[in-house]
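S.K.: Okay, here's the structure, questions in a sec.
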Amino acid sequence: MEMTDKPRIAIDLDNVLLDSDSNIRQLIFEETGIESTVNDITDYSYAKSLNLDSETMRRVLDRFHSYPNLTALEPLLGAQNAMSILKLEYEPIIVTSRPVDTYTATEESIRMWFGDIPLVHSNKKSDLCKKLKIDTIIEDHPDTAIQCAYNQMKVFLMDYPWNYPIVDGGLLTRVSNWDMIIDYLFTVYASK
Ligand SMILES: [Mg+2]
């Protein structure tokens, strides 16, 4: 990874930069006939939220992680613009817990929507961030958010029904869109 003097910032991919939720729920519909909205996903696990058996969930996730499905995901509102602004002052690193064998498709979709941004796979993002000296992360996974805040990282938690129990406070800031994140990164933190 190339070294710059800009502060590094870890950015999650699914449901932070890309709209993965609607794709997964569509695949669940195709596999089971179960219709859902984002508000039905009150647990990070789709299987738990919609009461799906593990075999069905495995099929859904296999389809989700397949090529070219991953390259068909679209960016969330404001994400592309936010990334181009963010790059001016920060060094973004996309950190995903997707399976490692999705690397090629994942990298292709990042390049397509956001340009050249380093991509790292990790199931232990708080450890990885410590190793890479990253002190800020943007996430939607409740456990990852808590772990990172516990490790003294600044956390922006993207608002979703599956992370509602996590409250705003201390190092953790709940945000509902990319404009809020850019606002924090360029005004609130910059003035401290
Ligand atoms: Mg995510």
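S.K.: So what is the relative contact order of the chain, in percent, for Cα pairs below 8 Å that sit 6 or more residues apart? Let's see the in-between values first.
M.R.: Numbers: 275 pairs, mean separation 49.0, N = 192.
Taking the mean separation of contacting Cα pairs over the length of the chain, I get 26 percent.
S.K.: Additional query: Give the shape of the range 53-160 as rounded, prolate or oblate, defined through the alpha-carbon gyration tensor: a ≥ b ≥ c are the square roots of its eigenvalues, a/c under 1.5 means rounded, and otherwise the shape is prolate if a/b is larger than b/c and oblate if not.
M.R.: Values: a/c = 1.76, a/b = 1.21, b/c = 1.46.
Verdict is oblate for the range 53-160.
S.K.: Another question, then. Given only helices, namely DSSP H runs of n ≥ 4 each adding -39500 (n - 2.57), what is the per-residue ellipticity at 222 nm of the chain, to the nearest 500 deg cm²/dmol?
M.R.: Details: 8 runs with 73 residues, N = 192.
That comes out to -11000 deg cm²/dmol.
S.K.: By a straight-distance test (C-alpha under 30 Å), which lysines pair with residue 87 as possible cross-link partners, with residues fewer than eight away in the same chain excluded?
M.R.: Counting by Cα, and skipping residues close in sequence, residue 87 has these lysines nearby: 6, 124, 125, 130, 131, 133, 154, 192.
S.K.: Still on this structure, I have one more. Amide H of residue 11: which non-local residues (sequence gap of 5 or more, or other chain) have their own amide H closer than 5 Å, using H built in the peptide plane?
M.R.: Residues meeting the criterion, in which the H sits 1.01 Å from N, are 93, 94, 95, 138.
S.K.: Given just the C-alpha atoms of the chain, how large is their convex hull per residue in cubic angstrom?
M.R.: Working: hull volume 22.2 nm³, N = 192.
Dividing the Cα hull volume of the chain by its residues yields 116 Å³.
S.K.: Where both partners of a DSSP beta bridge lie in the chain, what percent of those bridges are antiparallel, to the nearest 5? Don't jump to the answer; show the numbers that get you there.
M.R.: On the way: 2 of 20 bridges.
Percent antiparallel among DSSP bridges in the chain is about 10.
S.K.: Rounded to the nearest 10 degrees, what's the angle between the helix 103-114 long axis and the longest principal axis of the chain, both from Cα atoms, 0 to 90?
M.R.: 60
S.K.: Let a ≥ b ≥ c be the square roots of the eigenvalues of the Cα gyration tensor of the range 21-70; is it rounded (a/c under 1.5), or, if not, prolate (a/b larger than b/c) or oblate?
M.R.: Working: a/c = 1.65, a/b = 1.38, b/c = 1.19.
Taking the square roots of the gyration eigenvalues as a ≥ b ≥ c, the range 21-70 is prolate.
S.K.: Could you work out how far helix 21-32 tilts from the main Cα principal axis of the chain, as a 0 to 90 degree angle to the nearest 10?
M.R.: Orientation of helix 21-32: about 10 degrees from the principal axis.
S.K.: Compute the long axis of helix 54-64 from its Cα atoms, compare it with the longest principal axis of the Cα atoms of the chain, and write down the angle in degrees, 0 to 90, nearest 10.
M.R.: Tilt relative to the chain: about 60 degrees.
Read-outs: derived from the displayed coordinates by stated rules, not from any lab. The structure displayed is predicted, hence computed values, not measured ones.
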